[in-house]
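Peer 1: Structure provided below as structure tokens; questions to follow.
The values are calculated or read from the model by the stated rules, or taken from the named source; none is laboratory data. Note that the structure is predicted; figures quoted are calculated from it, not measured. Quick reminder, even Gly has a Cβ in these numbers, built from the backbone with ideal geometry, and neighbours come from all protein chains shown.
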Amino acid sequence: MENIILGDRYELQEKIGEGGMSLVYKARDKKLNRFIAVKILKHEFIDNEDIVDKFKKEATAIANLNDPYIVNVLDVGSQEEYNYIVMEYIKGKTLKEFIREKGRIPYDLALNFSVQIAKALDCAHKNNIIHRDIKPQNILVTEEGSLKVMDFGIAKSTNSSTITNTSNVIGSAHYFSPEQAKGNYIDGRTDLYSLGVVIYEMVTGRVPFDADSPVSVALKHIQEEVVPAKNINSAVPESLNKLILKAMEKEQIKRYQSAKEMIIDLDKIKNDPNAIIGTVPVTEDDFTRVMPSVNPVNVADVKNSTSKNNDDWEEDEDDWDEEEDDSKKKKNKTKLGIILALVAVLILAGAAITTYFLTTNNKKAEDLKMPKIIGLKQDDAEKTLKDMGLEMLVAGEEKSTEPAGTVVKANKNEGDTVKKGETIRVYVSGKETKKKLQNVEGLDENQAIAFLGNAGVEIKEVIKEDSDSVEKGKVIRQDPKGDTEITEDTKVTLYVSRGKKPVAVPKLIGLSQQEAITKLGNVGLKSETIPQDTTNKNEDGKVIRTSVSEGNPVDAGSTITLTIGRYKDDNPDIELGFLVGKTVQEAADYMESKEIKPNTDNQNGDIVERLSKTKAKKGETVTIYTKKSETKPPATS
């Protein structure tokens, strides 16, 4: 397929990847003369209108994501039998390759990586896009050391009808969530579970669950508790260990509820490895919810490849994983899925019975009215609740303008009916976490933005300013200043040099050469001069033209060329004084040769005695006054 040109501009060069539904090529954008990546839907799917339509619609949705940590989708198109997506081409390696090279990643670097991935997910989730296949193979480490999340090939828009409950399991077994393993409803918290697995692998060098087949791995995600990362790598701070465990909770309600919430805790750990983060896990009786039904084929749909050994199918995960056609999925129903479904049904039945008896017992408990605790200090709120026979559980911290330790939120409102002995979950205002802001003055604009982004600092705006001392494109200053303490919410304004302020060329025409040179020097401009002949006496020694017109802007220090007039008379005076003493005929002949009119009227002499003027121009008349030549007497012998 190499050398094919798509859309009259994308020239395919070499295949760099392949997945279940698509091929990925390195290509050259002929219009912009740069390398890009082109993802092409495989030929066997071109007649499937449903797949082609989803391919285009979901690519268009992802193209609207604008985040430095997401591989940009640049274009979507079709040409004959080719349906393609154009993406930015990134030089680097996958995070999977990076982990394999390092064995384990130091936790501080893993934190930086985790923040970048979480920010990418935050952007996607805010735009109603769920990735569904977060794994190290789908994350690129660029040559500059930053991350780019790629391959939204199986991503879904939460606004799309395709996001409803499905029996098709999407994702990669080592990294997908329990709800993916069951084929249940998924949302943004599914991606956060997968991110928890990725962080686990970064700091331990291995995945949390492993087995001989994808189905066995899927069962472990559903049934087994993860071995804490700290048990494998003692260098992992307890705060990060808790963050991973919370992200990988089996139930979605117990996990981080948003990528932003996870970013806040990651930043806390970056600033202080001993920070207290997260919330206390939610207990079963904190929420009333409908348990989803289990489809008998769900678990068996997981990359159904039990005949493969572990090495074979693990390597398969390095490919671009795609959602398979429904017709293929139907072939993947196995007996194992039925068995697992029966087990799940029994578990759910037991949970339902337990819930019933708990509810019945609770009805016997004394009804109370929830008191007002919002705004109270933590100790005062706890005393108020205990005096009524209620328990209090601090579920976490919230950002607030209230003093630290003030109750700002609870799972029950004032006046609600509660049961005696019930536990009330509250959130208190946390201490404002501060960190030192890096100094990026003197860096290139893009370097400064990337540097601050990697440190988890958001850019408020970039303002361009003139500067006589700072090179164009470099940061002049920042607000707040570098090396000062900032909070998590602080955004930084960068002031970037436009170079020296342009200078308007002053009025120079009509000035003497020296006046013009002095005037240019006063505004920071240089000069050079060239002469030009002129027949206008008033222009002699004056500036008659400049290389840049008056009022036009030029860079400070630029050289302006001055054209200086040099008077040259095109009808100069002709010297005639020397004709005195000459014969009249000689004088007349000379004058006529110079186009001067001789006047000898009423003159009887033959010698020029004097002239009416000793200098004359062409066309003028000069009167010749004559005298007779003296006659010498003959010599005597």
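Peer 1: Kindly indicate which of 503, 496 is free of Cβ contacts under 8 Å to residues at least 60 places away in the same chain, out of contact with any Lys or Arg (no Cβ under 6 Å at 6 or more places or on another chain) and among the hydrophobic types (A, V, I, L, M, F, W, C). Steps first, answer last, please.
Peer 2: On the way: 496 fails: out of contact with any Lys or Arg (no Cβ under 6 Å at 6 or more places or on another chain).
Only one candidate passes the filter, namely 503.
Peer 1: Taking region 164-189 as the search range and keeping residues that are β-branched (Val, Ile, Thr), touching a helix residue (DSSP H, G or I) at 6+ places or on another chain (Cβ under 7 Å) and more than 22 Å from residue 119 (Cα to Cα), which one is modelled with the lowest pLDDT?
Peer 2: The extreme case among them is 169.
Peer 1: Determine, yes or no, whether residue 494 is surrounded by 14 or more Cβ atoms within 10 Å (Cβ to Cβ), over 21 Å from residue 438 (Cα atoms) and hydrophobic (A, V, I, L, M, F, W, C).
Peer 2: It is false that residue 494 is surrounded by 14 or more Cβ atoms within 10 Å (Cβ to Cβ), over 21 Å from residue 438 (Cα atoms) and hydrophobic (A, V, I, L, M, F, W, C).
Peer 1: Follow-up question, since we're still on this one. Taking region 75-121, which residues are more than 30 Å from residue 237 (Cα to Cα), in contact (Cβ under 8 Å) with a residue 40 or more places away in the chain and not polar (S, T, N, Q)? Talk me through it step by step, then tell me what you get.
Peer 2: Of all residues in region 75-121, those more than 30 Å from residue 237 (Cα to Cα) come to 75-91.
In the following step, the residues that additionally are in contact (Cβ under 8 Å) with a residue 40 or more places away in the chain were identified as 75, 77, 79, 82-91.
Within region 75-121, 75, 77, 82, 84, 85, 86, 87, 88, 89, 90, 91 qualify.
Peer 1: When the residues of region 608-635 are narrowed to those that are in a strand (DSSP E or B) and touching a helix residue (DSSP H, G or I) at 6+ places or on another chain (Cβ under 7 Å), which ends up surrounded by the fewest Cβ atoms within 10 Å (Cβ to Cβ)?
Peer 2: Let us first name the residues in region 608-635 that are in a strand (DSSP E or B), namely 608-611, 615-616, 621-627.
Within this subset, residues satisfying the condition of being touching a helix residue (DSSP H, G or I) at 6+ places or on another chain (Cβ under 7 Å) are 608, 611, 622, 624, 626.
Details: 608: 24, 611: 20, 622: 21, 624: 24, 626: 18.
For region 608-635, the residue satisfying everything is 626.
Peer 1: Check off (1) among the hydroxyl-bearing types (Ser, Thr, Tyr); (2) within 29 Å of residue 128 (Cα to Cα); (3) free of Cβ contacts under 8 Å to residues at least 12 places away in the same chain for residue 194 and give me the number that stays unchecked.
Peer 2: Condition not satisfied by residue 194: (3).
Peer 1: Within 30 Å of residue 469 (Cβ to Cβ) and either loosely packed, with under 13 Cβ neighbours inside 10 Å or without any contact (Cβ under 8 Å) to a residue 12 or more places away in the chain (or both): which single residue out of 528, 592, 575 fits that description?
Peer 2: Of the residues listed, the single one that is within 30 Å of residue 469 (Cβ to Cβ) and either loosely packed, with under 13 Cβ neighbours inside 10 Å or without any contact (Cβ under 8 Å) to a residue 12 or more places away in the chain (or both) is 528.
Results for (1) at pLDDT below 90; (2) at negative phi; (3) not hydrophobic (A, V, I, L, M, F, W, C), shown as yes or no for each residue.
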{"site": "414", "(1), (2), (3)": "no, yes, yes"}
{"site": "428", "(1), (2), (3)": "yes, yes, no"}
{"site": "431", "(1), (2), (3)": "yes, yes, yes"}
{"site": "476", "(1), (2), (3)": "no, yes, no"}
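Peer 1: Which of (1) assigned to a strand (DSSP E or B); (2) within 25 Å of residue 619 (Cβ to Cβ) is the odd one out, the single condition residue 591 does not satisfy?
Peer 2: For residue 591, the failing item is (1).
Peer 1: Assuming residue 247 fulfils every condition listed in (1) modelled with pLDDT of 90 or more; (2) over 19 Å from residue 117 (Cβ atoms) apart from one, which condition is it?
Peer 2: Residue 247 satisfies every listed condition except (2).
Peer 1: For region 368-396, how many residues meet the condition of being without any contact (Cβ under 8 Å) to a residue 60 or more places away in the chain and assigned to a strand (DSSP E or B)? Before you say what the answer is, go through the steps one by one.
Peer 2: To start, the set of residues in region 368-396 that are without any contact (Cβ under 8 Å) to a residue 60 or more places away in the chain comprises 368-392.
When the remaining residues are screened for being assigned to a strand (DSSP E or B), the result is 368-369, 377, 391-392.
So the count comes out to 5.
Peer 1: Still on this structure: What single numbered condition from (1) modelled with pLDDT of 95 or more; (2) part of a strand (DSSP E or B); (3) more than 30 Å from residue 463 (Cβ to Cβ) fails to hold for residue 517?
Peer 2: So residue 517 meets the others, but not (2).
Peer 1: Restricting attention to region 177-195, which residues are in contact with a Lys or Arg (Cβ under 8 Å, 6 or more places away or on another chain) and under 22 Å from residue 103 (Cβ atoms)?
Peer 2: Correct list: 194 only.
Peer 1: Still on this structure: Looking at (1) charged (D, E, K, R); (2) without any contact (Cβ under 8 Å) to a residue 12 or more places away in the chain; (3) in a loop (DSSP other than H, G, I, E, B), which is the only condition residue 550 fails?
Peer 2: Here residue 550 meets the rest and fails (2).
Peer 1: Would you mind finding the one in 231, 184, 271 that is among the polar types (S, T, N, Q), under 24 Å from residue 141 (Cβ atoms) and surrounded by fewer than 23 Cβ atoms within 10 Å (Cβ to Cβ)? Give the steps one after another, and end with the answer.
Peer 2: Details: 231 fails: under 24 Å from residue 141 (Cβ atoms); 184 fails: under 24 Å from residue 141 (Cβ atoms).
Criteria check complete, one pass: 271.
Peer 1: Look at residue 550 and say whether it is at pLDDT 90 or above and closer than 30 Å to residue 499 by Cα.
Peer 2: yes
Peer 1: Just checking, which of 589, 555, 540 is out of contact with any Pro (no Cβ under 9 Å at 6 or more places or on another chain) and either at pLDDT below 95 or not hydroxyl-bearing (Ser, Thr, Tyr) (or both)? Step through it out loud before you land on a result.
Peer 2: Numbers: 589 fails: out of contact with any Pro (no Cβ under 9 Å at 6 or more places or on another chain); 555 fails: out of contact with any Pro (no Cβ under 9 Å at 6 or more places or on another chain).
Criteria check complete, one pass: 540.
Peer 1: Please verify whether residue 516 is aliphatic (A, V, I, L, M), more than 27 Å from residue 262 (Cα to Cα), in contact (Cβ under 8 Å) with a residue 12 or more places away in the chain and surrounded by fewer than 18 Cβ atoms within 10 Å (Cβ to Cβ), treating the condition exactly as stated.
Peer 2: Spelling it out, it is not the case that residue 516 is aliphatic (A, V, I, L, M), more than 27 Å from residue 262 (Cα to Cα), in contact (Cβ under 8 Å) with a residue 12 or more places away in the chain and surrounded by fewer than 18 Cβ atoms within 10 Å (Cβ to Cβ).
Peer 1: Also, quick follow-up: Anything in region 557-568 that is in contact with a helix residue (DSSP H, G or I) (Cβ under 8 Å, 6 or more places away or on another chain) and surrounded by fewer than 18 Cβ atoms within 10 Å (Cβ to Cβ)? List them, or say none.
Peer 2: Within region 557-568, just 567 meets the criteria.
Peer 1: Tell me whether region 456-463 contains one or more residues that are at negative phi, outside the structural domain of residue 373 (by TED's automatic domain parsing) and part of a loop (DSSP other than H, G, I, E, B). Lay out the reasoning, then the answer.
Peer 2: If we filter region 456-463 for residues that are at negative phi, which is where we start, we get 457-463.
Still in the list and also outside the structural domain of residue 373 (by TED's automatic domain parsing): 457-463.
Narrowing further to those that are part of a loop (DSSP other than H, G, I, E, B): 457.
Checking region 456-463: at least one residue is at negative phi, outside the structural domain of residue 373 (by TED's automatic domain parsing) and part of a loop (DSSP other than H, G, I, E, B).
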